[in-house]
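Notes follow the structure.
The values are calculated or read from the model by the stated rules, or taken from the named source; none is laboratory data. Predicted, not measured: the structure shown is a model, and the values here were computed from it. Heads up, the Cβs are rebuilt from the backbone with ideal geometry, glycines too, and the neighbour counts pull from every protein chain shown. With ligands, DNA and RNA removed, areas are computed over all heavy atoms of the protein, side chains included. Shrake-Rupley method; radii C 1.70, N 1.55, O 1.52, S 1.80 Å.
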Amino acid sequence: MVRRMAAIGAVLALVTGLVTAQDALPRELVAMADAERAFAKTATVKGWRDAFLEFFADDAVALGREVTLAKDGLRKQPSPPFSEFELVWEPRLGEVAASGDLGWLTGPSTSINHTVKDPKPGHGCYLSVWRKQPNGTWRVFIDVGAGAPEPVPFAPGFTRMPFGERFAGNVSGAAVKEAAGKSLAEADRDLNAQIAAQGASRAFASRLTPSSRLHRPGSTPIVGAKAIAVWLGAYASSAAARDGVAEAAAAGDFGYTYGTFEIEAPKPLSGAYLRLWNRDAAGRWWLMVDVAQPFRP
């Protein structure tokens, strides 16, 4: 009887823990993840291009040598049915601002081109920045993917990006958003200055957390401050970056920046970067995700 009661107690504790973990997710983060799942499901019905057109915001941007409207580029793409070009993905990790107006999601993706002989799956890791629209729906503002040599691992289920004590101002709104945006732009500018002065590995180290992520084409995402420093030391020993745009959420606790980069050694490469930042209780910005998108020749 004692063992039976202990077993029942353990099961109840596990169930309670799972429910508590799910309940702990911010409501808008759950809504954003649900929108992503609906987006992925639509792609299986309409094909990837038409799904992108439906779930991208009208002002969504595409990062490249020049920043352009994403939908303009999408409309120039062919519209293959899912039976010809299969693209599947799911959200597994994300973050949302306390003000519920801005957030991001990432997870594994798989693509298969069924029009070629002996089609093989291609693996990747997508990342999308989402904005709440005036009508209350979530829509993608920036979408950047990185191909990987194998299926990209994530923790089971869907989780919020781990972080310490988040910034929690008493108010949110246009004034808070503007001030936080300026502070975020300064943090991004300072990081780029430090990259030029002391190299990417040392520069990034002062802004990373144990959960920070580096998404690079051709690599499985690099996770954690130590692993990122080692990777940057090996693959971006000589680099430079130029800041472009910074936007913070209305709560001043989260934001994104993007700009361009150049790597001189060990192998020349240039492209656009997208960075996602969290702000802690002391007001300091921490780099949570850095994604590189090389320019096309």
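Name the one entry in Leu87, Leu105, Leu184 that is within 30 Å of Thr42 (Cβ to Cβ), open to solvent by less than 10 Å² (accessible area, probe 1.4 Å), among the hydrophobic types (A, V, I, L, M, F, W, C) and not in a loop (DSSP other than H, G, I, E, B). Spell out the reasoning first.
Values: Leu87 fails: open to solvent by less than 10 Å² (accessible area, probe 1.4 Å); Leu184 fails: within 30 Å of Thr42 (Cβ to Cβ).
Exactly one residue qualifies, and that residue is Leu105.
Taken over segment 187-213, the residue count meeting the criterion of being open to solvent by less than 50 Å² (accessible area, probe 1.4 Å) and without any contact (Cβ under 8 Å) to a residue 12 or more places away in the chain is 0.
As for segment 160-181, it holds no residue that is at positive phi and modelled with pLDDT of 95 or more.
For segment 111-128, enumerate the residues that are open to solvent by 40 Å² or more (accessible area, probe 1.4 Å) and in contact with an Asp or Glu (Cβ under 8 Å, 6 or more places away or on another chain). Listed by number, the residues that qualify are Asn113, His114, Thr115, His123. Within segment 50-70, the residues that satisfy the criterion of being in a helix (DSSP H, G or I) and either touching a Pro at 6+ places or on another chain (Cβ under 7 Å) or open to solvent by less than 20 Å² (accessible area, probe 1.4 Å) (or both) are Ala51, Phe55, Ala70. The residue pairs whose first member lies in segment 129-148 and is under 13 Å from Ala31 (Cβ atoms) and open to solvent by 20 Å² or more (accessible area, probe 1.4 Å), whose second member is modelled with pLDDT of 95 or more and aromatic (Phe, Trp, Tyr), and whose beta carbons are closer than 7 Å, counting only pairs six or more residues apart or on different chains, are Arg131/Phe141; Lys132/Trp138; Arg139/Phe55; Arg139/Phe56; Arg139/Trp130.
Sort through Arg49, Arg65 and tell me the only one that's basic (Lys, Arg), over 27 Å from Thr159 (Cα atoms) and at pLDDT below 95.
Working: Arg49 fails: at pLDDT below 95.
Exactly one of Arg49, Arg65 is basic (Lys, Arg), over 27 Å from Thr159 (Cα atoms) and at pLDDT below 95, namely Arg65.
Looking across segment 124-145, the residues that are small (Gly, Ala, Ser), at pLDDT 95 or above and not in a loop (DSSP other than H, G, I, E, B) come down to Gly124, Ser128.
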